[in-house]
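One structure below.
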Amino acid sequence: MPEIVGEYIDKIANVEMLDDTQTRRNRTHLLYEAARAKQGAPLTYLAAMGLAENVKKDDYVILLSGAGVSPWLEWGETDGPTGIASLARALSFGLGARPVYVGNEKELGPVIAAGVAAGITVLDKEAVEVYKRKNTALSIPFPLGDKGAKAKALEILDEFKPTAILGVEKHAPNPVGVWHSADGQAGDPEWQPHVHHIVEEGKKRGVFSVGIGDGGNEIGYGVIGEEANEIFKRAYGVTCQCGCGGGEATACATDVLVSASVSNWGAYGISAMLAYMLEDPSILQDADTERRMVEVMAQAGAVEAMSALSIPEVDGTSLPVQQAVITMMHGVVANALRRKPTKMHEAFSDYAASKKEA
Ligand SMILES: [Zn+2]
C-alpha cells in the first residue's frame, strides 16, 4: 500500500508548470523518469521508508538548504526553505527527530522563518539536550567557498552524529568540480556553501542520505548523473553551456534521489508519505499553514527565481498552487488511511451478501 500512495504523491510533486521562456521546460518529467527507472519504486516512498528505518527518536537529522547566490539571490530563493521546513516538521512530529538546518548564514533566515510558521522554532543545543525541548530545530551557518568546508563538514558530523542527511534544492559541483545553474551556466564556487561535503563524508560513515531537486544540478542527482547529462544533451546539444565538459549534473549522489518539478514539492511528498505511514495526517502541514510558510519565507527575503522578486510564489507558480499541491497530497493520504467501509459499500453490502447466499 505505501508504494501505491507513493505513486500518486510522486505524480503530484511532478506536475510541471514552467512557461516557454524557461530552458528547463518539459525536462523535469524526463529527470523523474530516469530517477524512477534507476531506483525502481516511487521516489517519495523510498525516501520516507529510508527515513523511518534509519531515524530514531532524539536523533539529529541534517537539512541542507540554499540554492541562492550573491548578489542575485542574497537571501536564497523561495524553492527550498518551505521544503526544509516541511521536512523539519514531519521528522520532528513524526519520528521525534531533532532537525539541524545547515547552510549559508543569510539563506538560513527564510528557512528559519518558514520553519517557525510550520511550528518548529529554533533554539540552541542546550534547550534540546538538557531541557529535552521538542519540536525545535538547530541552525548552523556554513562558510562560503571550499576552503575549510570539508573540516567544517567533519566537525558537524562529529558533533551531531546524524542518522540522516537531506538536501533540498542544494546545488553541488559536477565530476570536474564545476558548479552549474539550472540552465547549465557555470557559477562561482566561492558563492556557494560546500555542504555536499557533509553528504560525501556522511556516506563514508554510513549515514542515510536523500537529495531532493528539480534541475539535475542539486545534491542527489549523482544517482543519475549520466542519464541527466544525456537529457541535457538532447535539449541543448551539449551537456552544459559552459564548455567544462563535465556536464550540468552534479556528481553528488545520495541513497535516494527525489526528483520533482519543484523541489519543495518533492520535500512535501516525503512529509506526506511519513504522514501516511505513521497514520497521522497532521505530520504534513495543512494548506493554511503552507500559506503562512510561503508568505513569511518571502517576507524574510527569499526570492522567487523566475521573477527575481521577494513574492510568495515558487518557481513561477502562485501561492494557491502551493496550497493546492498540499491539498491534493492530503487528499491522497486521507483516502489511503480510510479503512472503514464507505456509505456506498454499506448501501450495497446486503445485496452483495444476498447474491452470494443465492
Ligand atoms: Zn560546464
(message) Just to be sure I understand the rule: take each whole DSSP H helix in the chain, project its Cα atoms onto its long axis, keep it if the span is 15 Å or more and its mean Kyte-Doolittle hydropathy is at least 0.0. Which ones pass?
(response) 2-13, 43-54, 81-95, 105-117, 149-160, 263-277, 319-337
(request) Starting with the fewest neighbours, write out Thr163, Thr23 ranked by other beta-carbon atoms found within 10 Å of each beta-carbon. (result) Thr23, Thr163
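How much of the DSSP bridge set in the chain is antiparallel, in percent, rounded to the nearest 5? Write out the running numbers ahead of the final one.
Working: 7 of 34 bridges.
So the antiparallel bridges amount to about 20 percent of the total.
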(message) Let me check I've understood the local charge: for Gly115, count other residues with C-beta under 12 angstrom from its C-beta, Lys and Arg +1, Asp and Glu -1. What total comes out?
(response) +2
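Starting with the fewest neighbours, write out Ile120, Ile84, Ile12 ranked by other beta-carbon atoms found within 10 Å of each beta-carbon. Can you show the working numbers first?
On the way: Ile120 26, Ile84 36, Ile12 22.
Ranking Ile120, Ile84, Ile12 by Cβ neighbours within 10 Å, fewest first, gives Ile12, Ile120, Ile84.
What is the sum of charges, Lys and Arg at +1 and Asp and Glu at -1, for the other residues whose Cβ falls under 10 Å from the Cβ of Phe142? Could the numbers behind the result be given before it?
On the way: positive: Lys152; negative: Glu105, Glu107.
After counting each charged neighbour, the total is -1.
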(message) Going by average Cβ density within 10 Å per residue, which order do the peptides 253-264, 150-161, 298-309, 67-78 take, highest to lowest?
(response) 253-264, 67-78, 298-309, 150-161
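What trypsin sites (Lys or Arg not before Pro) does the range 54-125 have in DSSP loop regions with at most 15 other beta carbons within 10 Å?
Working: sites: Lys56, Lys57, Arg89, Lys106, Lys125; in loops: Lys56, Lys57.
The qualifying sites are Lys56, Lys57.
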(request) Taking the Cβ of Ala34 as the centre, find all other residues whose Cβ is under 14 Å away and add up their charges (Lys, Arg: +1; Asp, Glu: -1). (result) -2
(message) Give me the one-decimal nm value for the distance between modelled label points at Arg205 and Glu279, 7 Å along each residue's Cα-to-Cβ direction.
(response) 3.5
(request) Arrange Ile62, Ile283, Ile9 by Cβ neighbour counts within 10 Å, fewest through most, would you? (result) Ile283, Ile62, Ile9
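Mind ordering 164-176, 197-209 by average Cβ neighbours within 10 Å, highest first?
On the way: 164-176: 27.2, 197-209: 19.2.
Ranking, from highest mean packing down: 164-176, 197-209.
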(request) May I ask for the distance between the Cα centers of the range 52-83 and the range 148-191, given as a whole number of Å? (result) 11
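Every number in this text was worked out from the coordinates using simple rules, so none of it is lab data. Source: prediction; values computed, not measured. Quick reminder, even Gly has a Cβ in these numbers, built from the backbone with ideal geometry, and neighbours come from all protein chains shown.
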